[in-house]
Amino acid sequence: MAQIRIQNLRKEFGAFTAVQSSSFTIEDGEFFMLLGPSGCGKTTTLRMMAGLELPTSGEIFINGEEVGMKRASQRDIAFVFQMFALYPHMNVRRNIGYPLVSQGVPAADVRKRVDEVARTLRIESILDKPVGGLSGGDRQRVALGRAIVRRPKAFFMDEPLGALDAEFREHMAEELRALHDRIGATTVYVTHDQLEAMQMGDKIAVMNHGVVEQFGLPQQIYDWPATRFVADFIGSPPMNFLEFEGMIGTGGDHVMLGDTRFAVPVQREGAEGRLTLGVRPEHVRFSDSSTYRAKVIAVEYLGTTQIVTLTTANGTIKARISSADRVLSDETVGLEFNPRTLTIFAGDRGQALVSEVNEGVLRRG
Ligand code: ATP
């Protein structure tokens with residue numbers, strides 16, 4: 001079992017910085033997601049933690065011990081790159097047992113451990129089958145079996161479900177999470193899919209251009225994004241951004257969009273200039289009495305809810321409302337936002353300002 005901590009970890013490839021100084025802690029037994037768009041540095045971070053890539057600077061601790069000088073094989077981590085990579089000439093039992101055989105574990109112990117793993121994965125019935133004829137799901141289970149048979153301290157997985165179609169992917173994601181809960185080993189999982197991260201992760205680190213922009217529980221990251229990037233990357237549709245020129249002082253509790261006053265959580269820090277008010281689509285309400293007017297330009301029916309696209313004086317936004325509510329294209333409506341859910345972003349990187357409701361959640365990269 002393992003607690004993994006990285007401290008100011010950085011990686012340069014020549015003049016290009018793939019990972020800027022990153023720090024976070026993965027607690028023992030956690031299912032931890034490294035989430036971000038393609039090229040943001042997730043794989044490089046994982047490879048440094050595994051000992052497959054040398055950091056330019058910074059430290060990696062496993063259970064409090066600095067492992068920077070340890071080779072990958074000495075870190076006791078199972079790296080699941082690609083679950084379908086099996087030895088085609090061996091049957092299931094030999095595929096799963098192979099890592100133990102190559103470590104010189106006696107045959108009787110290998111047999112016992114493979115039986116245990118097969119029970120955990122519920123694949124006892126296919127142990128004597130050749131891997132060639134197995135279904136995709138069973139091949140994936142066998143590959144996982146080969147990773148868990150060594151009883152490593154932690155599992156590292158890099159987009160393990162990336163090649164699967166959507167339905168099977170969801171099924172395997174549930175299975176992986178259930179397996180994690182049964183064996184309890186720390187898992188670090190790289191993905192660019194925000195839904196996968198939200199569904200499976202105990203904690204998420206969101207990366208962008210080599211920077212960990214936020215790190216926390218899925219709900220914290222969804223409700224209180226630390227930056228505009230995180231707010232935009234998480235959620236479907238993403239958070240709405242209403243841009244305005246103005247100011248909010250420390251202790252301030254409202255902003256003005258045109259002539260309309262919007263209550264916001266009491267601010268612990270102020271800002272002025274080009275600001276952005278962030279509101280999730282489900283927190284936009286229609287209200288006849290609001291002086292903040294918007295025009296409906298599209299309505300997308302989704303069963304229980306509908307997504308309404310609106311133009312406002314501060315940009316185009318989307319509202320998620322009940323399908324029972326009647327709304328028509330081209331009509332003009334008044335808008336209200338749930339005040340406790342609003343975030344103000346400012347600064348070069350669109351950092352969320354600290355308020356009485358998000359303090360303690362925001363982590364500045
Ligand atoms: P993806 O999901 O596309 O793999 P990622 O977030 O995992 O993206 P990385 O693979 O960590 O991203 O790559 C981060 C950046 O570092 C990319 O711009 C990549 O081109 C660059 N990079 C990675 N490895 C090397 C290398 N060995 N030499 C030079 N540049 C590299």
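The values are calculated or read from the model by the stated rules, or taken from the named source; none is laboratory data. As the structure is a prediction and not an experimental result, all values here were calculated from the model. Neighbour counts are summed over all protein chains in view; Cβ atoms, including those assigned to glycine, are modelled from backbone coordinates with ideal geometry.
Tell me which residues, restricted to the stretch 211-223, are buried (at least 24 other Cβ atoms within 10 Å of the Cβ) and not aliphatic (A, V, I, L, M).
Residues of the stretch 211-223 that are buried (at least 24 other Cβ atoms within 10 Å of the Cβ), as a first pass: 212-214, 221.
Matches in the stretch 211-223: Glu213, Gln214.
Report the residue count in the stretch 3-41 for those that are crowded, with 17+ Cβ neighbours inside 10 Å and closer than 22 Å to Glu175 by Cα.
8
Could you tell me which of the residues Ala263, Ala185 is of a type in the set (Gly, Ala, Ser) and not assigned by TED's automatic domain parsing to the domain that holds Val308? If you could, list the steps in order and put the result at the bottom.
Numbers: Ala263 fails: not assigned by TED's automatic domain parsing to the domain that holds Val308.
Testing whether each residue is of a type in the set (Gly, Ala, Ser) and not assigned by TED's automatic domain parsing to the domain that holds Val308 leaves just Ala185.
Specify which of the listed residues (Thr311, Thr316) is under 18 Å from Ala231 (Cβ atoms), among the β-branched types (Val, Ile, Thr) and not in a loop (DSSP other than H, G, I, E, B). Please lay out each step first, then the result.
Numbers: Thr311 fails: under 18 Å from Ala231 (Cβ atoms).
Going through Thr311, Thr316 in turn, just one is under 18 Å from Ala231 (Cβ atoms), among the β-branched types (Val, Ile, Thr) and not in a loop (DSSP other than H, G, I, E, B): Thr316.
Yes or no: the stretch 94-107 includes at least one residue that is within 30 Å of Gly132 (Cβ to Cβ) and within 16 Å of the ligand (Cβ to nearest atom).
Looking through the stretch 94-107, none of the residues is within 30 Å of Gly132 (Cβ to Cβ) and within 16 Å of the ligand (Cβ to nearest atom).
Of all residues in the stretch 107-145, how many are free of Cβ contacts under 8 Å to residues at least 12 places away in the same chain and β-branched (Val, Ile, Thr)?
Number satisfying all stated conditions: 0.
Given Gly303, Gly350, which one is at positive phi, crowded, with 19+ Cβ neighbours inside 10 Å and either at pLDDT 95 or above or in contact with a Ser or Thr (Cβ under 8 Å, 6 or more places away or on another chain) (or both)? First the steps, then the outcome.
On the way: Gly303 fails: crowded, with 19+ Cβ neighbours inside 10 Å.
Going through Gly303, Gly350 in turn, just one is at positive phi, crowded, with 19+ Cβ neighbours inside 10 Å and either at pLDDT 95 or above or in contact with a Ser or Thr (Cβ under 8 Å, 6 or more places away or on another chain) (or both): Gly350.
Considering only residues of the stretch 183-203 that are of a type in the set (D, E, K, R) and more than 16 Å from the ligand (Cβ to nearest atom), which is surrounded by the fewest Cβ atoms within 10 Å (Cβ to Cβ)? Quick ask: steps written out before the conclusion?
Restricting attention to the stretch 183-203, the residues satisfying the condition of being of a type in the set (D, E, K, R) are 193, 196, 202-203.
Right, trim to more than 16 Å from the ligand (Cβ to nearest atom) and you get 202-203.
Values: Asp202: 16, Lys203: 19.
The residue in question is Asp202.
When the stretch 8-59 is examined, which residues are found to be among the charged types (D, E, K, R), within 11 Å of the ligand (Cβ to nearest atom) and more than 14 Å from the chain's Cα centre (by Cα)? Before the answer, list the steps.
First, pick out the residues of the stretch 8-59 that are among the charged types (D, E, K, R): 10-12, 27-28, 30, 42, 47, 53, 59.
Then drop every residue that is not within 11 Å of the ligand (Cβ to nearest atom), which leaves 11-12, 42, 47, 53.
Result: Lys11, Glu12, Arg47, Glu53.
Could you tell me how many of the residues in the stretch 1-58 are in contact with a helix residue (DSSP H, G or I) (Cβ under 8 Å, 6 or more places away or on another chain) and without any contact (Cβ under 8 Å) to a residue 40 or more places away in the chain?
Going through the stretch 1-58 one residue at a time, the tally reaches 3.
Can you tell me which condition Ser287 does not meet? The list is (1) more than 30 Å from Ser323 (Cβ to Cβ); (2) free of Cβ contacts under 8 Å to residues at least 60 places away in the same chain, and all the others hold.
(1)
Which is surrounded by fewer than 16 Cβ atoms within 10 Å (Cβ to Cβ) and out of contact with any strand residue (DSSP E or B) (no Cβ under 9 Å at 6 or more places or on another chain), of Asp128, Asp115?
On the way: Asp128 fails: out of contact with any strand residue (DSSP E or B) (no Cβ under 9 Å at 6 or more places or on another chain).
Of the residues listed, the single one that is surrounded by fewer than 16 Cβ atoms within 10 Å (Cβ to Cβ) and out of contact with any strand residue (DSSP E or B) (no Cβ under 9 Å at 6 or more places or on another chain) is Asp115.
Looking only at the stretch 203-262, which residues are of a type in the set (S, T, N, Q) and either over 15 Å from Leu35 (Cα atoms) or not in a strand (DSSP E or B) (or both)?
Going residue by residue through the stretch 203-262, those that are of a type in the set (S, T, N, Q) are 208, 214, 219-220, 227, 236, 240, 250, 260.
Listed by number, the residues that qualify are Gln219, Gln220, Ser236, Asn240, Thr250, Thr260.
Restrict the check to the stretch 21-37 and report whether at least one residue is touching a His at 6+ places or on another chain (Cβ under 9 Å) and either over 19 Å from Asn208 (Cβ atoms) or not assigned by TED's automatic domain parsing to the domain that holds Asp193 (or both).
Restricting attention to the stretch 21-37, the residues satisfying the condition of being touching a His at 6+ places or on another chain (Cβ under 9 Å) are 29, 31, 35-37.
With the extra rule that they be either over 19 Å from Asn208 (Cβ atoms) or not assigned by TED's automatic domain parsing to the domain that holds Asp193 (or both), the set shrinks to 29, 31.
So far as the stretch 21-37 goes, yes, one or more of its residues are touching a His at 6+ places or on another chain (Cβ under 9 Å) and either over 19 Å from Asn208 (Cβ atoms) or not assigned by TED's automatic domain parsing to the domain that holds Asp193 (or both).
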